[in-house]
Every structure is written in structure tokens, then in C-alpha cells.
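Here's the structure, in C-alpha cells; my notes come after.
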Amino acid sequence: MSNVQPHVPEMLPLLSRGKHRNPRKGACFMELASYLAGERWSDHPACTHSLLASVARLVNDHTSDAGRPLLGELIPSVIRLTGDDPHIDALIALRCSTIALPVAAAERQRVLAVSVLVCERMLAQLDGRPTDQISAPSQRVLDSVPQATEWADRFTSNVRPRLAAFRRHAAPHAVRCAVDGAAHALIPDPDVMLRSMLVDSIEICASWADRGPDSRADIDESVWADACRLAAVANDH
């Protein structure tokens, strides 16, 4: 997946880690999304699907200081991207987990392998398929870490995820573990992998959400420039 091509001015905001009380204190990815959407300043705005927003916050905070400004061009892609279809949660959690699983440290691979299996079972339930059927991409990733997969198979042998608990707990936990695993993996450039998680999550959400996959929020260039200015002023202090 790599078709997210938001249209924004050339200027990019200076994003920073964490939550900020107001723009004068700095801005993270989702806080600028709330600003551009015309909502109250928040890193949990209503304009974006909650799990996608979680991916964005985590990727923002785990990306290096050098790489974080490059995330700014993706902000318009998450505005007015919402939906209630539970496939969104399962597919985002699954995608993040499969990206991180092959490169994560051994102690994190067990947790991520569990996440992959649980997400696959959730999707099977949603689609009315046998819960022991695993998609080919997930199976390939699981086969690359046989010890973690064997442990996860035993751990989840009697697990039948319930939708409400999956959306509230399991999916957000899977995303947190995946981002953390990728950020601390011994790979040349974790920022690239983290960005892939966010881009793929945006595309999954766009495919299933209320807004069509080719739609974009229209961002007024003057509002965008103002957001960039606010972030820059905060970083100067």
C-alpha cells in the first residue's frame, strides 16, 4: 500500500512528541489535524477514526526528530476519515503487527504473533469464515518467526475474541506493541517502517470508512500556513 498522496502546500509543520495544552506549547500530528479540521485543540479529535488516530500519535512520538517533520504531509489524509466498520480496527491492528513482527526483538515477537492470530480470528468471525483460516500474507510472516508462532498458537488455542473487547483493548494494544517493536528494532531506518504503518493504516481506513478512498479533506492553504507558523513558533521557545 502506498497510494496516500495528500495535497498540501510545500511548507511542513515542525511536529513534536507528546500532548500539548495549546499550540504555543507545540503540536503533534493529531493536534494539528484537530486544528485543520476546525475542532477544539486535541490529540483525540472526532475527525479521525480512533485506532487510526492512535497509530498517528504513536508513530509521531516514536519517529526520530529528523524524520518527524516528514509526517506532516500526511495530516490532511486523516481528516474526516471515520467509520464504524469493525474491519477497520482488525485490519489496522493486523497490518501494524505483521510489519513489526519480523524485525521486533524476540521478547516482543511472541506478543505480536498473538496479535496476528487474534486479528485473523476476528476477521474470520466478521466474514463468517472458519477461525482457523489464516490469510497467506499473515502466514508468511508467522512462518518467518516459528518459535514465536508456536508459542502464540499454544497461548491462543482457546481464544475466541469478542468484538467489543477486541476494539477496546486488543486492537489498541496490538498497535502499541507493533509501533514500539518497530521503533526499537535493530534495523537501519525505523522511521521508514513507522511511516509505512501510518500510510497503510490510512489506506485501510479510507477503503472501509465513510469517506471514499480517493477523497481528501480540502485544506485551506492559509489555515495550513497558520498551523505551520504556530508549530514553528512553539519549537523556537
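The values are calculated or read from the model by the stated rules, or taken from the named source; none is laboratory data. What you see is a predicted model; the values in this text were computed from it and never measured. Glycine also receives a Cβ, built like all others from the backbone with ideal geometry; neighbour counts cover every protein chain displayed.
Every test in (1) surrounded by fewer than 16 Cβ atoms within 10 Å (Cβ to Cβ); (2) assigned to a loop (DSSP other than H, G, I, E, B) is passed by residue 107 save one, and that test is (2).
Of all residues being surrounded by fewer than 18 Cβ atoms within 10 Å (Cβ to Cβ) and under 25 Å from residue 180 (Cβ atoms) in the range 32-55, which is farthest from the chain's Cα centre (by Cα)? Just the residue, please.
Step one: filter the range 32-55 for residues surrounded by fewer than 18 Cβ atoms within 10 Å (Cβ to Cβ), giving 38-42, 44, 46, 50.
Pick out the ones that are also under 25 Å from residue 180 (Cβ atoms) and you get 42, 44, 50.
On the way: 42: 17, 44: 13, 50: 10 Å.
Here the residue is 42.
When the residues of the range 193-209 are filtered to those that are assigned to a helix (DSSP H, G or I) and of a type in the set (A, V, I, L, M), the one that is farthest from residue 95 (Cα to Cα) is 206. Restricting the first member to the range 142-170 and to residues that are closer than 20 Å to residue 95 by Cβ, and the second to residues that are assigned to a loop (DSSP other than H, G, I, E, B), the beta-carbon pairs closer than 7 Å and six or more apart or on different chains are 144/102; 145/101; 145/102; 170/161. When the range 130-141 is examined, which residues are found to be farther than 15 Å from residue 163 by Cβ and part of a loop (DSSP other than H, G, I, E, B)? 130, 132, 133, 134, 135 - these are the residues of the range 130-141 that are farther than 15 Å from residue 163 by Cβ and part of a loop (DSSP other than H, G, I, E, B).
Of everything in the range 1-31 that's within 16 Å of the chain's Cα centre (by Cα) and closer than 15 Å to residue 80 by Cβ, which residue is modelled with the highest pLDDT? Looking at residues that are within 16 Å of the chain's Cα centre (by Cα) and closer than 15 Å to residue 80 by Cβ, I get 30. Counting the residues of the range 15-30 that are farther than 19 Å from residue 176 by Cα and not polar (S, T, N, Q) gives 8.
Comparison of 219, 187 shows that the only residue that is farther than 24 Å from residue 78 by Cα, outside any helix (DSSP H, G or I) and of a type in the set (A, V, I, L, M) is 187.
Candidates 165, 152, 174: the one that is at pLDDT 95 or above, in contact with a Lys or Arg (Cβ under 9 Å, 6 or more places away or on another chain) and under 16 Å from residue 118 (Cβ atoms) is 152.
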